[in-house]
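Report on the following structure.
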Amino acid sequence: MSARSGSGIGPGEAPARGDGGDPCCPGGASPGSRAGRYDPDSSVDRADRESPADRADHAHQRESADIRRLVERLGIPGLVDVHTHFMPQNVLDKVWAYFDAVGPLTGLEWPITYREEEERRLVLLRGFGAIAFTAMLYPHKPGMGAWLNSWAADFASRTPDCLHTATLFPEPGVDRYVREALDAGARVFKVHLQVGGFDPTDPVLGGAWGALADSGTPVVVHCGSGPTPGRFTGPGPMGRLLARHPRLRVIVAHMGMPEYGDFLDLAQRYEGVHLDTTMAFTDFSERLAPFPREEHARLVDLGDRILLGSDFPNIPYPYVHQLQALERLGLGDDWLRRVLYENGAALFHVKP
C-alpha cells in the first residue's frame, strides 16, 4: 500500500519536492489547514488575542494531532525515536549557542524550534507520540565522559520511557566507565566523531568497543561529514573500525549525510550496521545535501535497519516535518511502519 493512500499525516497527497510544498515550513502545503499551509497564525483575530506562548502551544497541539492521525493509520503504538537530545542544561546551552552561531558562519539560519525547559520538552516529545527515545549526549574533551554517563543514568532513572544512554571518549579510564555504564543498564551509546575530533580506531578505545560488541549494545555514531567535515568523519574511519569489530552494532546518524551511498555500502557489508533518519530527507537537509534518488531502492532493501531519528529538540523546523519527509518518499506504509516503530522496538526490546 502506498504511503500516500488513505489519510496520512495530512489530507490528500503529500506535495512532491519542487512544487512549492513543505508540509511544515512556511510556504508549504500542510495537513489540516484550509489553505494548505502550516500556519499557527491562520486567524488574524486570534493572532491579535494570543500571546506568542499561546500561539506556540496551539501549533504544538495541531502538530500532535497530525502525528496521531499518522500513527493511528499505520496501526502502531507510537514512535521509537533513537536520536533525541537530553543532557545537562549547561551543556545543552552551549549546544544551542553553537547552532545560534551557525547562521552567520554558513548563511543558513538554524533556529531551535523547541528551546524549552527539560520538563516541557518531555511533555512535547511524548505528545508527539514518542513512546521510547534517547538522551544523546557526548563529550568534546577528556574528563567529561564519566560525568555525562552519571547524569544520563540519573535521567534514565527518572524518565522510564528514555532508553538509558551513555557515551565515551578516548581517554584513560574509558574501559572502566564504559563497563560501569553497561553494568548500570545502559541500552545505547552516543559517539560524535565530528565534535569529539577523534579517530574511532584509537587503540585506547579497543577495550570499550570490544565490550560494546560483546554486549550487543547499539552505538549511535555521528560519522558523516555533515554539516561540516571533521578530521575523522566520512566512511573511512568507521570502515576501519568495523573491520576490527565486525559484530559492533552501529547506528549511523543522519543516514551518514552527505556520504549516504558509502554508509549504505557499510550497512550492506555488516549486518550490525543500522542508519537513523535524523534530519535526512527534510527540506532543510535536501537544500544542503540531497539524498540521491538512485539510492531509494536501497532504502527498501535495508528497510529493516533504518530507524527513526529526529534530533529533537535541536531542529530548525517542526518535529512533524521529519515524519512527513519520510512519508513523502512514497516507499509504502509497511516501510514507514518499520522505520517509525517496528525496527526500533525490535532493536531495543520496546514493549507498547
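The values are calculated or read from the model by the stated rules, or taken from the named source; none is laboratory data. All values derive from a computational prediction rather than experimental measurement. Cβ atoms come from the backbone with ideal geometry, glycine included; neighbour counts cover every protein chain shown. Ligands, DNA and RNA are excluded from the accessible area calculation, which covers all protein heavy atoms including side chains. Shrake-Rupley method; radii C 1.70, N 1.55, O 1.52, S 1.80 Å.
A few comments on the model shown:
- In segment 138-292, a dipole from Cβ-located charges (positive for Lys and Arg, negative for Asp and Glu) runs towards its positive end, and of GLY216, GLN268, ALA280 it is GLY216 whose Cα lies farthest in that direction.
- Here the chain has 52 percent of its accessible surface on carbon and sulfur atoms, given a 1.4 Å probe and all protein chains in place.
- Modelled label positions at HIS140 and ALA184, each set 7 Å beyond Cα in the direction of Cβ, lie 2.3 nm from each other.
- Highest-first packing order for the peptide set 155-166, 85-96, 251-262, 330-341 is 251-262, 330-341, 155-166, 85-96, based on the mean count of other beta carbon atoms within 10 Å.
- Two-site FRET efficiency, GLU117 against ASP301, from Cβ-Cβ distance with R₀ of 30 Å, rounded to 0.05: 0.10
- Placing a pseudo-label 7 Å from each Cα along the Cα-to-Cβ vector at TRP151 and GLN268 gives an inter-label distance of 4.1 nm.
- Of the listed residues GLU119, GLU327, the order by accessible area with a 1.4 Å probe, largest first, is GLU119, GLU327.
- For ASP199 and ALA56, a Förster radius of 51 Å and the Cβ-Cβ distance give a FRET efficiency of 0.75, rounded to the nearest 0.05.
- Segment ARG293-PHE99, length gained on full extension (0.36 nm per residue, minus Cα span): 67.0 nm
- Using the Cα coordinates of the chain, the gyration tensor eigenvalues translate into equivalent-ellipsoid semi-axes of 32, 22, 19 Å, sorted from longest to shortest.
- Per residue, in Å², the accessible surface of segment 226-352 once ligands and nucleic acids are set aside, probe 1.4 Å: 36 Å²
- Dipole of the chain [Lys/Arg +1, Asp/Glu -1 at C-beta], most positive-end residue of HIS140, PRO292, VAL188: VAL188
- Packing-based ranking, highest mean first, of 212-221, 142-151 given that Cβ atoms within 10 Å are counted: 212-221, 142-151
- Positive-pole candidate from GLY330, ALA243, PRO111, dipole of the chain, charges at beta carbon: ALA243
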